[in-house]
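Novice: This is the structure I want to talk about, given as structure tokens.
The values are calculated or read from the model by the stated rules, or taken from the named source; none is laboratory data. This is a predicted model, so every value here is computed, not measured. With ideal geometry, Cβ positions are generated from the backbone for all residues, glycine too; neighbour counts draw on all protein chains shown. We work out accessible area using only protein heavy atoms, side chains counted, and drop any ligands, DNA or RNA first. Shrake-Rupley method; radii C 1.70, N 1.55, O 1.52, S 1.80 Å.
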Amino acid sequence: MNSRTPSTPWTSGPAADNADEAAARWSEILRDAPDQARPREEFEAWYTRAPEHAAAWRRIQAANHWVTTLSDSPEMQSLRRETLARVAEGRLRSSRRWRRLSIAASLLLLVGVGFIALRPEATRRMFSGAGDNLAGNVYQTGIGQRSVVTMDDGSVVTLNTDSRLSVHYRGDLRAVTLERGQALFKVAKDRSRPFVVTAGGKRVTALGTEFDVRVGERLFEVTLLEGRVGVSAEQAGTSQGANAVALAELRPGQQFVAAGGARPLVRVADVGRVVSWRNGQIVFEDERLDAAIAEMNRYSRKKVVLGDPQLASLKISGAFNAGDTHTFVEALTSYFPIRRDTREDERVVLESRAR
């Protein structure tokens, strides 16, 4: 912990631009060096730079208060024992993982602040999630990032942009939760321990296979590359896997889609196009322009916006580098009756132009 440089607490790590994580790091630095002037000056500069920094610091302070208040509770004592056992069993293999452990400790009760006192029944669920963080079992990527993670059983998970995954392995089950984003799973075969991905209220079960899962606010997709997977819906109020309702069993090249309130369907997928993101490519084939823009925006902080709704129905085909907004916009303005509004700096606004 003492080897970290106080001048760069917000510029390293997988979510370097996250105000809550930066606040957690500052909490650690100031706790380790309470009487040093330079860290305090740099903290004050960070704190006053943006309102969201001050808000994140208040949340972290409240989280630390809850940690102190609940330190002697049976739930916290149990969490400590479970976490130490899981950390020892996992044999933390790198300094990056130790750092994630430290940051997660500062964020321990962040998700619970504001409702723990009002919803005591949620306390144990919160402690369970904190245990995953402390044991180093949470993996995430920022916007435009990709990451490859090898699990203890040899399964390999590739995370796409802005994704978060938590791992909950136990003796008879290899369970993971895709909390947001997209991930490609290459599962090591082990018939005695099914591999189950939970995302968006649904479960994907595999024994040894390769498949892609994407989850968003109104979208859930599973694309099977090889092997066999079953898709089921979780039942509210039941334990994991209890009374799950079977929805589909996929064959290679098939895709399960549940979008919005529409009825789920199984369709043939262009697998290469679906997983082109793992090579840093986004491929469109006769795609509506509004959908193509939404996909490109997943990989960049500078968002493209349609200023004219009539442009939305234009169709686009082509391959682009993920995050290369400039080339994407150049192609649109070259081949379509579209111009870029040069008055915008924070966004790229596209308008119609005369042919």
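Novice: Multiply the residue gap between residue 37 and residue 262 by 0.36 nm, knock off their C-alpha separation, and tell me the result in nm, one decimal place. Mind showing how you got there, number by number?
Specialist: Values: separation 225, 0.36 × 225 = 81.00 nm, distance 5.82 nm.
Full extension from residue 37 to residue 262 adds 75.2 nm.
Novice: Grab the other residues whose beta carbon is less than 10 angstrom from that of residue 225, score K and R as +1, D and E as -1, and report the net.
Specialist: Working: positive: 186; negative: 210, 212, 226.
My count for the surroundings of residue 225 gives -2.
Novice: Scan around residue 202 for amide H atoms under 5 Å from its own, H built in the peptide plane at 1.01 Å from N, and keep only partners 5 or more places away or cross-chain.
Specialist: Here 234 satisfy the definition.
Novice: Counting only protein heavy atoms, what percent of the accessible surface of the range 135-254 is carbon or sulfur at a 1.4 Å probe? Write out the running numbers ahead of the final one.
Specialist: Details: 2270 of 5250 Å².
Summing carbon and sulfur atoms, their accessible area is 43 percent of the total for the range 135-254.
Novice: For every other residue with a beta carbon closer than 11 angstrom to the beta carbon of residue 303, add +1 if it is Lys or Arg and -1 if Asp or Glu, then tell me the sum. Intermediate values should be presented prior to the final figure.
Specialist: Numbers: positive: 298, 301, 302, 347; negative: 344, 346.
Combined, the nearby Lys, Arg, Asp and Glu give +2.
Novice: Which FRET efficiency, nearest 0.05, do residue 353 and residue 245 yield, Cβ-Cβ r, R0 51 Å? Show your work: numbers first, answer last.
Specialist: Numbers: r = 51 Å, r/R0 = 1.00.
Computed FRET efficiency for residue 353 and residue 245 comes out at 0.50.
Novice: How about residue 302: which aspartates and glutamates have a C-alpha closer than 13 Å to its C-alpha, ignoring those fewer than 8 places off in the same chain?
Specialist: Hits, sequence-local ones excluded: 324, 344, 345, 346.
Novice: Taking all protein chains together and a probe of 1.4 Å, list 202, 302 from the most accessible to the least accessible.
Specialist: On the way: 202 40, 302 80 Å².
Correct descending sequence by accessible area is 302, 202.
Novice: Can I ask one more? Tell me, what ³J(HN,Hα) does each residue in the range 190-203 have, in order and in whole Hz, if you take phi through Karplus 6.51 cos²θ - 1.76 cosθ + 1.60 with θ = phi - 60° and put x for Gly and Pro?
Specialist: 6, 5, 7, 9, x, 9, 10, 10, 9, 7, x, x, 10, 10
Novice: Related question: Between rounded, prolate and oblate, where does the range 177-221 land on the alpha carbon gyration tensor, with a ≥ b ≥ c its root eigenvalues, rounded for a/c under 1.5, else prolate if a/b exceeds b/c?
Specialist: Numbers: a/c = 3.03, a/b = 2.03, b/c = 1.49.
Note, shape of the range 177-221 comes out prolate.
Novice: For the range 251-352, with every protein chain kept in place, what is the accessible area per residue (1.4 Å probe, Å²)?
Specialist: Values: 5690 Å² over 102 residues.
Each residue of the range 251-352 exposes 56 Å² on average to a 1.4 Å probe.
Novice: Ordering 335, 299, 139 by how much accessible area each has at a 1.4 Å probe, largest first, what is the list?
Specialist: Values: 335 185, 299 20, 139 40 Å².
Ranked from most to least accessible, the order is 335, 139, 299.
Novice: Given the Cα-Cα distance of residue 189 and residue 47 and 0.36 nm per residue of separation, how much length would full extension add, in nm?
Specialist: Numbers: separation 142, 0.36 × 142 = 51.12 nm, distance 4.88 nm.
Extending this stretch completely gives an extra 46.2 nm.
Novice: Can you give me the solvent accessible area of residue 147 with a 1.4 Å probe, rounded to the nearest 10 Å²?
Specialist: About 40 Å², rounded to the nearest 10.
Novice: Residue by residue through the range 337-346, what is 3J(HN,Hα) from phi via Karplus (6.51 cos²θ - 1.76 cosθ + 1.60, θ = phi - 60°)? Round to whole Hz and write x for glycine and proline.
Specialist: 3J(HN,Hα) across the range 337-346, in whole Hz: x, 10, 10, 8, 6, 6, 6, 8, 10, 6.
Novice: May I pose another question? Excluding same-chain residues fewer than 8 positions from residue 186, which aspartates and glutamates have a Cα within less than 15 Å of its Cα?
Specialist: 152, 153, 210, 212, 226
Novice: For residue 152 and residue 217, what does the FRET efficiency come to when R0 = 35 Å and r is the distance between their Cβ atoms, rounded to the nearest 0.05? Mind showing how you got there, number by number?
Specialist: Working: r = 32 Å, r/R0 = 0.90.
According to the calculation, E is roughly 0.65.
Novice: Just reorder 342, 223, 158 by solvent-accessible area, largest first, 1.4 Å probe, all chains present. Kindly include the intermediate steps, with their values, before the conclusion.
Specialist: Numbers: 342 120, 223 0, 158 25 Å².
The most accessible residue leads, giving 342, 158, 223.
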